Amino acid sequence: MRRVNISNIEGKPAVCFETGLDPRSFARTKMSQSMIETGFIVHPDGTHEIWRAAGVNEENGLMRVWGPLFNGKRLDLLINESDSPEAQQAALLWIRAKMFLGETHSTLNPGAAFICYEDGKELPHPKGSVFFAPENLSNRCLFVEGSEIDRYNCPDLTGMEAAAFCAGVMLYMILTGVHPYPSKEIFQDMREGVFLPVNIAAPGLNEKLAGLINAALLLPVAKKRTSKSGTDILAEILELLMNKEGKSASISSLFHELSAEKTELVEKEKKFYLFKLNYLIKANRFAVQNKHALLGSAAGLLLVFILIFSTVKSFSRRPTTEGMEAYHVIAAYYDAFSFLNHTFMEACIQGADKSDINVAVNFFAINKAREAYEGSPNQSIIPAKVWKDTGGELPSPNVFGVTDLVIEKLGGSEDENVITYRANYLLWAPTEDYASNRSDVLTLKRDKRKNWRIIEILRTEK
């Protein structure tokens with residue numbers, strides 16, 4: 001049941017708010033005060049009028065607040081129909097209305113906004129008008145309705161920045177068909193800027209529009225936000241998408257066709273970003289969520305940092321690939337990855353991408369922290385090779401590393417001092433029940449000391 005709706009009161013249509021409260025509860029919670037709470041109706045010419053509730057009546061034993069009619073459709077329902085041509089137009093009308101109101105406080109909830117699409121002398125408001133319902137009254141009704149009323153808003157933002165963030169979420173949903181923050185940790189994701197950038201989620205999207213939407217979603221993140229203010233973002237979105245007559249650009253005109261090469265590049269970028277979200281961010285959050293326990297083991301952590309610092313200082317004593325053939329360097333590199341031996345992984349790399357090493361360092365630190373806190377040498381993360389040798393039963397929540405490694409030579413020679421190999425393998429990671437199928441093309445070259453080192457890793461996810 002839509003508890004913020006347009007229904008008949010005494011035979012005439014009106015805006016209604018179904019509180020879900022019986023008369024006694026309505027009185028106890030002082031909901032009658034909602035009669036003095038104001039809403040706004042913003043007209044296409046920029047003028048606005050105050051909207052106030054007109055009365056309260058009882059319907060099927062529950063109290064309902066009602067007020068003057070606004071002929072329109074709820075904004076959140078239009079957004080949920082992201083393939084509808086009305087959705088984008090509705091979002092832009094909402095943005096324009098917010099710009100007209102400026103810093104005047106009004107509800108940010110799309111479920112509490114109505115957009116007028118009809119025009120006629122007998123209708124109370126012109127086409128293109130936007131109704132912002134009283135905030136507390138509408139939020140109460142939407143909470144009872146069961147809609148996720150906060151999925152469009154970050155609680156840390158206010159004013160035009162809050163409006164720009166909300167607009168960014170709405171446009172993201174309209175253009176991609178999905179919510180930018182689908183996980184249960186939605187507010188943490190908002191605060192940390194954890195979302196798939198819209199230019200990756202919607203390949204081929206106009207670059208300027210994609211930049212504005214991403215900038216809006218980064219407003220809560222001090223370290224990542226751009227120099228654009230909320231007002232700047234909203235104004236540039238309107239300038240890009242809405243003409244002087246109030247008409248929006250068609251969704252199809254916002255996209256351009258990508259070449260096969262560019263499409264493949266975007267797909268690789270998407271896979272890498274999702275890998276980063278699934279593993280690196282989860283590892284970092286684990287450390288944050290267990291910070292109190294980790295503080296209790298400060299002495300152990302200090303020892304780890306001292307050991308790492310000492311290792312860096314004593315560079316000359318670090319492991320090397322001296323005396324190893326190129327093939328064995330690759331095999332040892334993936335073996336070290338499984339056992340979180342980031343020090344030896346560093347010795348194998350010279351100029352190649354170090355994302356594998358960053359993953360190993362994160363899990364190594366988590367292992368050491370848990371070990372210090374629990375007072376036990378048992379590893380919390382099990383090497384995939386050990387797990388497989390002991391039966392490899394699924395699910396495997398604590399398993400990390402490489403199995404089923406197959407290495408084949410592609411080209412080059414020792415005489416040329418450059419050799420290329422392909423490595424196919426399965427990567428197992430915590431929180432994932434099944435492995436990722438990877439294929440890496442590795443190029444090795446002799447360094448100044450004539451040791452084979454990996455200078456390039458080109459990775460493909462199958």
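Readers should treat all values here as calculations from the given coordinates under stated rules, not as data from a laboratory. Because the structure is a prediction, the values reported are computed rather than measured. So basically every Cβ, Gly included, is an ideal-geometry build from the backbone, and we count neighbours across all protein chains shown.
Explain nothing, just the number: dipole magnitude of the chain about its Cα centre with +1 on each Lys and Arg Cβ and -1 on each Asp and Glu Cβ, in debye rounded to the nearest 20.
Dipole magnitude for the chain comes out near 1160 debye.
For residue 462 paired with residue 325, estimate the spin-label separation in nm (one decimal), with each label point 7 Å from Cα along the Cα-to-Cβ line.
Calculated label separation equals 2.4 nm.
Can you work out the PRE-style zone for residue 394? Point 7 Å along Cα to Cβ, and I want the residues of region 260-280 with backbone N under 20 Å.
Only 275, 278-279 fall inside the zone, counting backbone N under 20 Å.
For region 167-236, rounded, prolate or oblate, judged on the Cα gyration tensor with a ≥ b ≥ c (square roots of eigenvalues), a/c < 1.5 rounded, else prolate if a/b > b/c? Mind dumping the intermediate values first?
Numbers: a/c = 1.74, a/b = 1.05, b/c = 1.66.
Here region 167-236 falls in the oblate category.
Simple spin-label model, 7 Å along Cα-to-Cβ: residue 437 to residue 263 in nm?
Reported label-point gap for residue 437 and residue 263 is 2.1 nm.
Taking the Cβ of residue 262 as the center, what net charge do the other residues with Cβ under 14 Å away carry, scoring Lys and Arg +1 and Asp and Glu -1?
Its environment carries a net charge of -4.
Among 67, 180, 221, flag the residue with its Cα farthest along the positive direction of the charge dipole of the chain, charges on Cβ as +1 for Lys/Arg and -1 for Asp/Glu.
So the residue furthest toward the plus end is 221.
Enumerate the aspartates and glutamates that residue 244 could reach by cross-link, defined here as Cα to Cα under 12 Å, with residues fewer than 8 away along the same chain left out.
Answer for residue 244, where 12 Å is the Cα cut-off: 45, listed by chain and number.
Dipole magnitude of region 319-414 about its Cα centre, charges +1 at Lys/Arg Cβ and -1 at Asp/Glu Cβ only, in debye to the nearest 20? Walk me through the numbers on the way to the answer.
Working: 6 positive and 13 negative charges, 56 e Å.
Its charge dipole is roughly 260 debye.
To make sure I understand the rule: partners must be aspartates and glutamates, Cα under 13 Å from the Cα of residue 228, and not fewer than 8 residues away in the same chain. Which ones qualify?
161, 236
Calculate the length of the line joining the C-alpha centroid of region 59-129 to that of region 410-426, in whole Å.
Taking the Cα centre of region 410-426 as reference, the centre of region 59-129 is 62 Å away.
Report the antiparallel proportion of the DSSP beta bridges in the chain as a percent, rounded to a multiple of 5. Kindly include the intermediate steps, with their values, before the conclusion.
Working: 59 of 62 bridges.
Counting only bridges with both partners in the chain, antiparallel ones make up about 95 percent.
Rounded to the nearest 20 debye, what is the charge dipole size of region 150-257 about its Cα centre when +1 sits on each Lys and Arg Cβ and -1 on each Asp and Glu Cβ?
Result for region 150-257 is approximately 60 debye, rounded to the nearest 20.
With a cut-off of at most 16 other beta carbons within 10 Å, and DSSP calling the residue loop, which trypsin sites (Lys or Arg not before Pro) in region 158-211 qualify? Please list them.
184
Residues of region 209-228 with backbone nitrogen within less than 17 Å of a virtual label 7 Å along the Cα-to-Cβ line of residue 249, please, listed as ranges.
Counting only backbone N, you get 209-216.
Only sites in a loop by DSSP and with at most 11 other Cβ atoms within 10 Å count here; which trypsin sites (Lys or Arg not before Pro) in region 84-135 make the cut? Display every interim value, and only then the final one.
Numbers: sites: 96, 98, 121, 127; in loops: 121, 127.
Hits after loop and neighbour filter: 121.
Taking R0 as 25 Å, what FRET efficiency do you get between residue 43 and residue 229 from their Cβ-Cβ distance, rounded to the nearest 0.05?
Efficiency, from the Cβ-Cβ distance: 0.45.
Considering the options 248, 328, 44, tell which one lies farthest towards the positive end of the dipole of the chain, charges being +1 on Lys and Arg and -1 on Asp and Glu at the Cβ, about the Cα centre.
Toward the positive end, the furthest listed residue is 328.
Residue by residue through region 132-140, which ³J(HN,Hα) values in whole Hz follow from phi under the Karplus form 6.51 cos²θ - 1.76 cosθ + 1.60 (θ = phi - 60°), with glycine and proline marked x?
Result, ordered by residue: 9, 6, x, 5, 5, 4, 5, 4, 4 Hz.
Once you treat every alpha carbon in the chain as an equal point and sum by Debye, what is log10 I(q)/I(0) at q = 0.06, 0.07, 0.10 Å⁻¹?
With no solvent term, the Cα-only Debye profile gives -0.41, -0.53, -0.87.
Taking the Cβ of residue 36 as the center, what net charge do the other residues with Cβ under 14 Å away carry, scoring Lys and Arg +1 and Asp and Glu -1?
Combined, the nearby Lys, Arg, Asp and Glu give 0.
Lysines near residue 247 by alpha-carbon distance under 24 Å, same-chain residues fewer than 8 away left out - which ones?
Residue 247 reaches 73, 98, 121, 127, 208.
Count charges around residue 115 for me, please; just the other residues with Cβ under 12 Å from its Cβ, Lys/Arg as +1, Asp/Glu as -1. Provide the component values of the computation, followed by the final result.
Numbers: positive: 73, 74, 96, 127; negative: 76, 86, 118.
So the environment of residue 115 carries a net charge of +1.
Region 74-139: which GluC sites (Glu not before Pro) are DSSP loop and have at most 14 other beta-carbon atoms within 10 angstrom?
Taking region 74-139 and a limit of 14 other Cβ atoms within 10 Å, the loop GluC sites (Glu not before Pro) found are 81, 103, 118, 122.
Would you work out which of 79, 128, 89 lies farthest towards the positive end of the dipole of region 75-143, given +1 charges on the beta-carbon of Lys and Arg and -1 on that of Asp and Glu, about the Cα centre?
128
Collect residues whose amide H, placed 1.01 Å from N in the peptide plane, falls under 5 Å from the amide H of residue 219; neighbours closer than 5 in sequence don't count.
none
Can you give the helix-only mean residue ellipticity at 222 nm for the chain, where every DSSP H stretch with n ≥ 4 adds -39500 (n - 2.57) and the sum goes over all residues, rounded to the nearest 500 deg cm²/dmol?
-12000 deg cm²/dmol
Neighbour counts of other C-beta atoms within 10 Å: give me 449, 370 arranged from fewest to most. Mind dumping the intermediate values first?
Numbers: 449 9, 370 20.
Listed from fewest to most nearby Cβ atoms, that is 449, 370.
How much of the pair distance distribution for region 4-123 lies past 23 Å, counting alpha-carbon pairs only, in percent?
Of all Cα-Cα distances in region 4-123, 37 percent exceed 23 Å.
For region 117-244, what does the alpha-carbon gyration tensor say about shape, rounded, prolate or oblate, given a ≥ b ≥ c as the root eigenvalues, a/c under 1.5 as rounded, and a/b over b/c as prolate?
oblate
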